[in-house]
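Below is one structure, written out as structure tokens; the observations come after it.
The values are calculated or read from the model by the stated rules, or taken from the named source; none is laboratory data. Given the structure is predicted, the values throughout are model-derived calculations rather than measurements. Please note: Cβ atoms are built from the backbone with ideal geometry, for glycine as well, and neighbour counts cover all protein chains shown. The accessibility values were calculated without ligands, DNA or RNA, using every heavy atom of the protein model including side chains. Shrake-Rupley method; radii C 1.70, N 1.55, O 1.52, S 1.80 Å.
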Amino acid sequence: DEEEEIQEIPLIHSQPIHSLCVADSTHLISGCADNNVIVYQWSCHSIKNVFQMPVKPVSQIVYNNISQWIYAGSRDSCIYSWKWPSSTLTESRPHTLKGHTLSVTALATSTIYPNVLISGSRDNSVRFWDLETELCVSTINIPRNLVTDLKWICDEPCILQSSEDKTLRVWDMRTNDVVQHLPSKQHIQLCCNASSCGNYFLSGSSGHRTSGSELTLWDRRHFNARKIDN
């Protein structure tokens, strides 16, 4: 079998990259310690837009291709957003969402609910935002729930969340309640994702020293959960 050639992207940031997301089939969005958010078109190897974080670097980036907004969580506890595609190369005044008290570590948006943004932070909270009013409509605090990642579960009004308390939770965005709680792992769960059918979850941990660096595949149907009606 012929091996696919790995495409190498030229150096576009001057410091370590903190977050990446795919905007569409030809554009990649990256956020870096140099406080820049860059939209890069890999088909022609060119930078299309550069957005500047006002204070501190990016911690997480998501893009909603229905509303066409980029959302960037920051280490200054704010969430910044820019409309993209944009007619200008650089944009210096982002919209700002304020509410968290520590670094914003996770964001989730959905094409089914384009006016809703979910954010998680090291302040132990998950926040639900109305993007039409740019207001936080609900905040849930759980002790030791330092959020590490958020992913929307396809075709459900639910969000998967991983945490430094070593667990995975499923939130129902309509009630803002935890509707499923998976067993704790030995190590901190740094990232998570959900399958397209919604039945399987994947979580990853860095472990400690030489053990615990692993990916775990979960079948959520084997764990108790409240019934979720679409």
Accessible area per residue in Å² at 1.4 Å probe, computed on the chain:
52 Å²
Would you mind calculating the gained length between I9 and I66 on full extension (0.36 nm times residue separation, minus the Cα-Cα distance), in nm to one decimal?
17.9 nm
Got a sec? Charge dipole of the range 35-181, +1 on Cβ for Lys and Arg, -1 for Asp and Glu; which of G99, N36, P143 is way out at the positive end?
N36
Give, to the nearest whole percent, the P(r) tail of the range 126-169 beyond 15 angstrom, counting all Cα pairs.
52 percent
Could you give the nm distance between label points at I140 and C44, where each point is 7 Å from its Cα heading toward the beta carbon?
4.5 nm
At a Förster distance of 25 Å, what's the computed FRET efficiency of S25 paired with L215, Cβ-Cβ distance as r, to 0.05?
0.45
Viscosity 0.692 mPa s, 37 °C: Kirkwood-radius Stokes-Einstein D of the range 90-230 over Cα pairs, µm²/s
210 µm²/s
Under 21 Å from K83, Cα to Cα: lysines that are on another chain or at least 8 residues apart
K48, K56, K98
Suppose a student asked you for the relative contact order of the range 39-126, using Cα pairs under 8 Å spaced at least 6 residues apart; what percent would you report?
25 percent
Quick check: net charge around S121, other residues with Cβ under 11 Å of its Cβ, Lys/Arg +1 and Asp/Glu -1?
+2
Please report, for the Cα atoms of the range 161-230, the Rg to one decimal and the Dmax as a whole number; what are they, in angstrom?
12.7, 43
If the range 28-174 were replaced by its equivalent ellipsoid, with semi-axes equal to the square roots of 5 times the Cα gyration tensor eigenvalues, what would those be, largest first, whole Å?
25, 17, 14
With charges only on Cβ, +1 for K and R and -1 for D and E, what is the dipole size of the chain about its Cα centre, in debye, rounded to 20?
960 debye
Want the number for D34 to R174: 0.36 nm per residue separation, take away the alpha-carbon distance, what's left?
46.7 nm
Positive-end extreme of charge dipole, the range 102-230 - chosen from T175, F223, L117 (charges on Cβ):
F223
How many percent of the accessible area of the chain is carbon or sulfur, using a 1.4 Å probe?
49 percent
Could you compute how much accessible surface I188 exposes when probed at 1.4 Å, giving the result in Å² to the nearest 10?
60 Å²
Could you compute the longest span of the chain free of GluC sites (Glu not before Pro) located in DSSP loops and having at most 14 other Cβ atoms within 10 Å, not counting the site residues?
9-131
Accessible area of S184, 1.4 Å probe, to the nearest 10 Å²?
80 Å²
